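Let me begin by presenting the structure, written as structure tokens, before commenting on it.
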Amino acid sequence: MRNSIITLLTDFGTRDHYVASMKGVILQINPKCTLVDISHQVISHDIKEGAFLLSSAYSYFPKGTIHLSVVDPEVGSPRKPILLVTMNYFFVGPDNGLFTLVALRDKVKQVVALTYKKYFLPQVSTTFHGRDIFAPVAGHLSLGKNPRAFGKEVDSWVELDFRKPKPEGGKLVGEIFHIDAFGNLISNIDEQQFFNFTKARSFIIRVGGRAIQRLKKGYCEGKKNEPMALFGSGGFLEISVREGNAQKILKVKKDDQIIVQIGK
């Protein structure tokens, strides 16, 4: 038995039996593996949010970690179940774009379509591939099975269209990409893009009808009930409120614009 690490990320929540069933399947195959929950609170069917959360966490695990991720609104459809092998990790889940961001950040070496049913559960439902396909594959993979044992290699996989910030004259137009449990508004503008655009010039950040003219280094520098801008732990421009909720105060939702404008 090998003491491998398998992470789990889903939109299943924790109220029902779904996550526990997946863990049970894995532990029957490899009782010595370590299971780590990244999140089971992905917004239902929101593949982009799942991709973002996975990309924010995967690289902090030891090399060789198996990341099992299931946000699968089209379960039972012709979409492929896949195993994506990168330079440092393994990713198991549906081929629906969930692995778009990790594939951009960790070089892809191999992609295998999961077709060899000997590694599935004997009964495969059309509604729970997380338990019946992905969990047993992750379990066998954690025992050291070669990725080729699970199916045939493919040379393409589904990639989502993640919009990038666009410079428009004296503006850099981005969007709110994620809203975390604290109500922090995380944009798709990363630190390098921000400073390459502003070039040490004064700037105004506009979001939700507010204008913010300075960056803070941390949450402690903010004032209560006053939105502030800073770069969060993931390296993206973030709008936050100290001991408050930026989403509720600014009434902003995902995909709303955030604009960095060169000031005078």
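Brief remarks on what is shown
- Criterion violated by Pro122 - all others in (1) out of contact with any Gly (no Cβ under 8 Å at 6 or more places or on another chain); (2) touching a residue at least 12 places away in the same chain (Cβ under 8 Å); (3) part of a loop (DSSP other than H, G, I, E, B) satisfied: (2)
- Subset of the range 26-52 (residues that are within 21 Å of Val137 (Cβ to Cβ), in contact (Cβ under 8 Å) with a residue 40 or more places away in the chain and surrounded by 20 or more Cβ atoms within 10 Å (Cβ to Cβ)): Ile26, Asn30, Cys33, Ile47, Gly50, Ala51
- Verdict on Lys164 being loosely packed, with under 13 Cβ neighbours inside 10 Å and either touching a residue at least 24 places away in the same chain (Cβ under 8 Å) or assigned by TED's automatic domain parsing to the domain that holds Ile204 (or both): yes
- When the residues of the range 138-155 are filtered to those that are touching a residue at least 24 places away in the same chain (Cβ under 8 Å) and loosely packed, with under 13 Cβ neighbours inside 10 Å, the one that is nearest to the chain's Cα centre (by Cα) is Asp155.
- Any hit, the range 196-218, residues being touching a His at 6+ places or on another chain (Cβ under 6 Å), surrounded by 12 or more Cβ atoms within 10 Å (Cβ to Cβ) and not assigned by TED's automatic domain parsing to the domain that holds Ala57: no
- The residue list Pro94, Pro122, Pro81 contains one member that is out of contact with any Leu (no Cβ under 6 Å at 6 or more places or on another chain), closer than 19 Å to Asp11 by Cβ and of a type outside the set (Asp, Glu), which is Pro94.
- Applying the set (1) within 15 Å of the chain's Cα centre (by Cα); (2) at positive phi to Tyr89 leaves exactly one unmet item: (2).
- Restricting attention to the range 125-156, the residues that are modelled with pLDDT under 95 and either in contact with a strand residue (DSSP E or B) (Cβ under 9 Å, 6 or more places away or on another chain) or of a type in the set (A, V, I, L, M, F, W, C) (or both) total 2.
- The one condition in (1) touching a residue at least 12 places away in the same chain (Cβ under 8 Å); (2) closer than 27 Å to Phe231 by Cβ; (3) of a type in the set (Gly, Ala, Ser) that Gly169 fails to fulfil: (1)
- Scanning the range 55-110 for residues that are assigned to a helix (DSSP H, G or I) and of a type outside the set (Gly, Ala, Ser) yields Tyr58, Tyr60, Thr100, Leu101, Val102, Leu104, Arg105.
- Within the range 20-34, being in contact with a Gly (Cβ under 6 Å, 6 or more places away or on another chain) and of a type outside the set (Val, Ile, Thr) holds for Met22, Asn30.
- Selected residue (criterion: surrounded by the most Cβ atoms within 10 Å (Cβ to Cβ)) from residues of the range 116-137 that are within 25 Å of the chain's Cα centre (by Cα) and over 15 Å from Gly76 (Cβ atoms): Val137
- Qualifying positions in the range 56-75 - under 27 Å from Thr127 (Cβ atoms) and not aromatic (Phe, Trp, Tyr): Ala57, Ile66, His67, Leu68, Ser69, Val70, Val71, Asp72, Pro73, Glu74, Val75
- Subset of the range 70-84 [in contact with a helix residue (DSSP H, G or I) (Cβ under 8 Å, 6 or more places away or on another chain) and buried (at least 20 other Cβ atoms within 10 Å of the Cβ)]: Val70, Val71, Asp72, Pro81, Leu83, Leu84
- Residue ranges of strands (runs of 3 or more DSSP E) in the range 149-216 with at least 3 members more than 28 Å from Thr86 (Cα to Cα): 166-168, 171-179, 203-207, 210-212
The values are calculated or read from the model by the stated rules, or taken from the named source; none is laboratory data. The model shown is predicted, which means the values in this text are computed figures rather than measured ones. Note that we place each Cβ from the backbone using ideal geometry, even for glycine, and neighbour counts take in every protein chain shown.
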